[in-house]
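Here is the structure we will look at.
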């Protein structure tokens, strides 16, 4: 590690400084005040001084992974456990560096199975928790995902996709885990899956993930990909919206406490009591009634199972997020997410500049499916082009029942990014 004097020499170039959340962009790198701030930012990092004691930074040159870690901490996450895996390791590193300074705990787990189990255990105590992984690690976590769904324990999983199957290619991006994630739980039970397409969206979608995990008592996945997670780009921190950390609905008494008590509606979320608190709590991954007693197919137990599905679907109108760029009169609609949405944005601009017409829907909530917002985008559309970086169109298959009588085609890429020119050709056919 260079000493302060050597760092100062490095920073006399127009690039900037390295802070807790990335490289800091300065408007006037030659001013004496900027030089001081650059030195202060570097020394804050090297000496372990919390960045909150340094001057406020508005624009940073950073990655999606770093922004996910920042959002987790801002959202109240106080427990992280992980096992390093490319391309998600940067989240592991950022959380282990930063979380202890915010009164939290960050652990290096011996494997991905343990990592998620640690997070579920911490969340049972009422502590907002998170882990980060990629496809191979997710495969090891699947049993615990099902357990968290059945026990209704909030936890956030940052899943950074890479090329599969199996170990695949650790440094090659992909969007091939759609069906792996959406079909992870036995019985077909869903949980929310959010997909950022920029570093700034890694922040906003991670914040949303914590809010909905706590509100619905469910696992939530932030499904990014290698390029979005690892590419550095400018983020204006002042433009980021801030969500208040969500609070679980707490049991207010009087007792006795029923661990899985439902209200009038199947979509009602049971109030929470931490394990080891004032009331006895039953947590079980087996089929159970509202008291947590192991049952099979009695009416109470079957209602609880329906509830696991219904609480997610009932929240879809508020949970769903689709960014619409609709052009009046357009007959073709592009649908995409993650890194491929960036190629679509460029393609839309090119098509329109050349006199063509096309609309765009960038999906940020992949699941539950965007049943509320998508019909608005489909009004008057005859042809839908779904753009995703996988072999055969996994999200296109999922969306099929929502697309009606439209002609549906896909633009896909395997082991490579999709280019805007490919999208343009598909639109103009």
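The values are calculated or read from the model by the stated rules, or taken from the named source; none is laboratory data. All of these numbers come straight from a predicted model, not from anything done at the bench. Using ideal geometry, Cβ is built from the backbone for each residue, glycine included, and neighbour counts are taken over all protein chains shown.
Some observations on this one:
Okay, residues lined up against (1) at pLDDT 95 or above; (2) not in a helix (DSSP H, G or I):
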{"residue": "52", "(1), (2)": "no, no"}
{"residue": "92", "(1), (2)": "yes, no"}
{"residue": "113", "(1), (2)": "yes, no"}
{"residue": "117", "(1), (2)": "yes, no"}
{"residue": "131", "(1), (2)": "yes, yes"}
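- Selected residue (only one of 121, 76, 126, 101 is over 17 Å from the mean Cα position of the chain (by Cα) and in a loop (DSSP other than H, G, I, E, B)): 126
- Any chance residue 253 is loosely packed, with under 15 Cβ neighbours inside 10 Å and on the phi > 0 side of the Ramachandran plot: yes
- Among the residues of region 226-250, those that are surrounded by 18 or more Cβ atoms within 10 Å (Cβ to Cβ) and outside the structural domain of residue 136 (by TED's automatic domain parsing) comprise 246, 248.
- Of the residues 147, 118, the single one that is in contact with a strand residue (DSSP E or B) (Cβ under 8 Å, 6 or more places away or on another chain), over 20 Å from residue 369 (Cα atoms) and in contact (Cβ under 8 Å) with a residue 12 or more places away in the chain is 118.
- Contact annotation: residue pairs with Cβ atoms under 9 Å, 6 or more positions apart or on different chains, pairing a residue in region 380-393 that is at positive phi with a partner that is in a loop (DSSP other than H, G, I, E, B) and buried (at least 19 other Cβ atoms within 10 Å of the Cβ), are 380/330.
- Check on residue 87, assigned to a loop (DSSP other than H, G, I, E, B) and in contact with a strand residue (DSSP E or B) (Cβ under 8 Å, 6 or more places away or on another chain): yes
- Selected residue [touching a helix residue (DSSP H, G or I) at 6+ places or on another chain (Cβ under 7 Å), at pLDDT 95 or above and crowded, with 20+ Cβ neighbours inside 10 Å] from 427, 348: 427
- Region 253-364 holds strands (runs of 3 or more DSSP E) entirely within its bounds, and those carrying 2 or more residues that are without any contact (Cβ under 8 Å) to a residue 40 or more places away in the chain map to 359-363.
- Across region 67-84, not a single residue is classified as out of contact with any helix residue (DSSP H, G or I) (no Cβ under 9 Å at 6 or more places or on another chain) and modelled with pLDDT of 95 or more.
- Criterion: outside the structural domain of residue 144 (by TED's automatic domain parsing) and surrounded by 14 or more Cβ atoms within 10 Å (Cβ to Cβ) - qualifying residue of 266, 298, 278: 266
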